[in-house]
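To keep things clear, I will list the structure first and then write my remarks on it.
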Amino acid sequence: MVAPANNAVDRLLAALPKRGDGGARFAELGFPTTRDEDWRFTSVAPIAELEFTAATGDAAANLEASVFSEIDGPQLVFVNGHYSSELSDLDELPDGVEISNLAAAVFKPCEADDAFGALNAASFTDGARVCVAEGVCFKTPIRIYYLSTGGDGATANIRNHITLGPNSKATILESWTGADSAYFNNAITELSAGDNAHLEHVKFQNESPAAFHVAGLHATMGRDCRVAHHSIALGGRIARNNIRARLDGTGIEAMLNGLYLPHGKQLIDHHMVVDHLQPHCESHEYFNGILDDHARAVFHGRIHVHKGADKTDAKQTNKNLLLSDNATVNTKPQLEIYADDVKCTHGATIGQMNAEQIFYLRARGLDEDAAHRMIMHAFAGEIIARIGCEPAREELDRLVWDRLEDK
Amino acid sequence: MKMLEIKNLKAGVEGKEILKGIDLTINAGEVHAIMGPNGSGKSTLAQVLAGRDAFDVGEGSVTFNGQDLLELAPEVRVREGLFLAFQYPVEIPGVNTTYFLRAAVNAVREHHGEAALNAVDFLKLMRQKINLLELDESLLKRSVNEGFSGGEKKRAEILQMALLNPAMAVLDETDSGLDIDALKVVANGVNTLKRADNAQLIITHYQRLLDYIVPDFVHVLYDGRIVKSGGKELALELEEKGYDWITSGELQTA
Ligand SMILES: Nc1ncnc2c1ncn2[C@@H]1O[C@H](COP(=O)(O)OP(=O)(O)O)[C@@H](O)[C@H]1O
Ligand SMILES: [Mg+2]
């Protein structure tokens, strides 16, 4: 029996800590439905059916077998949405680099125009705060781990603030993993990159296949900055990424690069809105997906070129490889252009293995199975190869390979 | 010694017959050229020999070194020594060229009971071969054929031939689209790989290639049939008279 949605809202708010408006905005909006254009292909009914509890810290949690563990440098760890000072390591930060949990910092209330954002604003417990000061080039990757050890319905709202000052540089590696239960993480990351800032942001999402993951990334970019966001999405029963990029300066280059590998009954959804507000900016979205079993994926890429954002170069590709007849993809590019002399391209493909490629490989001596694997690896490798941080790239390449071999 | 024997080979796609009965015998040590206008079935013949299952083989037989070639999977054909250089080499984004070439070489070696080459030994072998084809080593770091120029793609095909060292190489219009300098490099590569115990089947649209690779026999393919065979002078005659000579029907009754 499906619980009525408003009942779910009440149950959820009753379970969670409150701040700000206490959840009024979320109650007003309610859980989105598939009648909502932005949620047409992703029903969150399985989330609304959870028996919600507030996720609590867990002193027994550990980082064993975590990704990026070979990389040295600062690490922030959150367990069930709560900061773990035991597992975190923030020693020896150079001048101009501040890394802490958010609760320790002053926080100003925020507004949200969507339900999950409103929920997050009303009940987040903690999250990461990274500030890199003007002109500081921090070469060491900053690692942020989100571990979930709670049971079914354990709900954590997490909020992160990443701020790069003008002319600064940083690399951030995020990892999301958890116990094999139906927990629910709802995160918002506010990212601000100042003029001429360089940021590489890697998100490795490998939540439990039973878990729910909704994450907003709200990025605001200044003049001439270079931002690359990589979304490597493996986990979650439903995993939804709301990526909003505002290119609000001239000469920006933004890249959104994603790979999703759902299998079983997973649904992985990337929902992007890229706003070009100023001239001479480039945005590139590259998303590849490999789907097996009854898995589903959604790619929604909206590019809005505002009046005056002349000479915009916006490129979007979404390629999907279906390994099973029962897997489905919904891909929806959406271009709205109100400026002049704009280059906007988009392309989407959904298909099985390319027979010509397979034949070419077999004609060079590889057996059929090896040929299939090579193509599959290539499909993923094309995305992984865009990750600049070499140790992260190499490790993710291995992890993705293992995942595909496992299937 | 007979290496390849094609008898009354008929093949097509979706009920449309493209090859209408091909007979061709190639012995070890020989170079054969097949010429013919566009659409005559040259690539179909090449792809059928390599094992492309998009084409249905109706009648006929192909024997390669005593084996029924048509019974073999494509990968077994190349491991057994029948190599096809594609007219249109396929781009495979994301597959590193070096990785791909080593996998190919090792697949063939393992088939013959030889140990797989490690990365170092493979690199040594490859360095020798890329010099022969005057290819830039940086190409090897890129994805297979992706972003290669037309000439680079064709030279990369011959590089693969050099690495796999086949008994029988089928070259499907490897010369098409090459300028004269690139053509010379490719022809030199192919000639260098020629030995008394291997054979080559050179498919070309232009007589020009045969100035550099001298065939023992020339066959004219038209509308799915070999309508004329002769020595290398046939290519010159064809060049002089043009394909009209063939398409006008004069030869078909011959
Ligand atoms: N996959 C295919 N499906 C349908 N027709 C094909 C296919 N491949 C080749 N053909 C047809 O078969 C004929 C011979 O083609 P091809 O072997 O490529 O000729 P050539 O290489 O001599 O130019 C042409 O009429 C071509 O249109
Ligand atoms: Mg052809």
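Bear in mind that the values in this text are calculations on the coordinates, not laboratory data. Everything numeric here is computed off the predicted structure, so don't read it as measured data. Cβ placement follows ideal geometry from the backbone for every residue including glycine, while neighbour counts extend to all protein chains displayed.
The residues packed around B:I203, meaning those with a beta-carbon under 10 Å from its beta-carbon, carry a net charge of -2 if Lys and Arg are +1 and Asp and Glu are -1. Using a/c under 1.5 as the rounded threshold, could you call chain B rounded, prolate or oblate? The axes a ≥ b ≥ c are square roots of the C-alpha gyration tensor eigenvalues, and prolate needs a/b larger than b/c, oblate otherwise. Taking the square roots of the gyration eigenvalues as a ≥ b ≥ c, chain B is prolate. A simple spin-label model places the labels of A:D341 and B:D244 5.1 nm from each other, with each point 7 Å out along Cα-to-Cβ.
Please state the shape class of the stretch A:4-357: rounded when a/c is under 1.5, otherwise prolate if a/b exceeds b/c and oblate if not, all from the C-alpha gyration tensor. The shape class here is rounded. For a paramagnetic label modelled on A:S100 (point 7 Å from Cα along Cα→Cβ), amide N atoms under 17 Å away belong, within the stretch A:158-184, to A:159-164.
For A:R19 and A:S85, the FRET efficiency from 1/(1 + (r/R0)^6), where r spans their Cβ atoms and R0 equals 25 Å, is about 0.70. Ordered by the count of other Cβ atoms within 10 Å of each Cβ, fewest first, B:E110, A:E70 give A:E70, B:E110.
Computed from label points 7 Å out along Cα-Cβ, the spacing between B:D68 and A:W401 is 4.0 nm.
Rounded to the nearest 20 debye, the dipole magnitude of chain B is 500 debye, with +1 charges on Lys and Arg beta carbons, -1 on Asp and Glu beta carbons, and the Cα centre as origin. Ignoring lysines fewer than eight residues from B:K194 along the same chain, the ones with Cα atoms less than 23 angstrom from its Cα are B:K2, B:K42, B:K124, B:K129, B:K153, B:K154, B:K184, B:K232.
Here the dipole of the protein assembly as shown is about 400 debye; that uses its Cα centre as origin and unit charges on the Cβ of Lys and Arg (positive) and Asp and Glu (negative). Charging the Cβ of each Asp and Glu at -1 and of each Lys and Arg at +1, and nothing else, the dipole of the stretch B:117-194 about its Cα centre rounds to 300 debye.
For the protein assembly as shown, a Kirkwood radius taken over Cα pairs fed into Stokes-Einstein (4 °C, viscosity 1.567 mPa s) yields D = 46 µm²/s.
Would you work out which of B:A104, B:F122, B:F86 lies farthest towards the positive end of the dipole of the stretch B:78-131, given +1 charges on the beta-carbon of Lys and Arg and -1 on that of Asp and Glu, about the Cα centre? Of the listed residues, the answer is B:F122.
The stretch between A:Q334 and A:A348, if pulled fully straight at 0.36 nm per residue, gains 3.9 nm over its current Cα-Cα span. With Cα atoms defining each centre, the stretch A:117-192 and the stretch A:18-52 are spaced 21 Å apart in the structure. For the stretch B:37-54, putting each phi into the Karplus relation 6.51 cos²θ - 1.76 cosθ + 1.60 with θ = phi - 60° gives couplings of x, 4, x, 7, x, 4, 5, 4, 4, 4, 5, 5, 5, 7, x, 5, 7, 5 Hz, in residue order, rounded to whole numbers and with x for Gly and Pro. Only helices enter the 222 nm calculation for chain A: every DSSP H run of n ≥ 4 contributes -39,500 (n - 2.57), and dividing by all residues gives -5000 deg cm²/dmol, rounded to 500.
Taking the stretch A:26-70 and a reference point 7 angstrom along Cα→Cβ of A:H294, the backbone N atoms nearer than 20 Å belong to A:34, A:41-50.
Approximating the spin labels as points 7 Å out from Cα along Cα→Cβ, the B:S61-to-B:T192 distance works out to 4.0 nm. Each of B:L24, A:L173, B:L4 was scored by other Cβ atoms within 10 Å of its Cβ. Arranged with the fewest first, they read B:L24, B:L4, A:L173. Counting other Cβ atoms within 10 Å as a rough exposure proxy, the listed residues A:S175, A:S123, A:S208, B:S61 run B:S61, A:S208, A:S175, A:S123 from fewest neighbours to most. Specify whether the C-alpha gyration tensor of the stretch A:358-407 places it in the rounded, prolate or oblate class, a ≥ b ≥ c being the square roots of the eigenvalues: rounded for a/c under 1.5, otherwise prolate if a/b is larger than b/c and oblate if not. Verdict is prolate for the stretch A:358-407.
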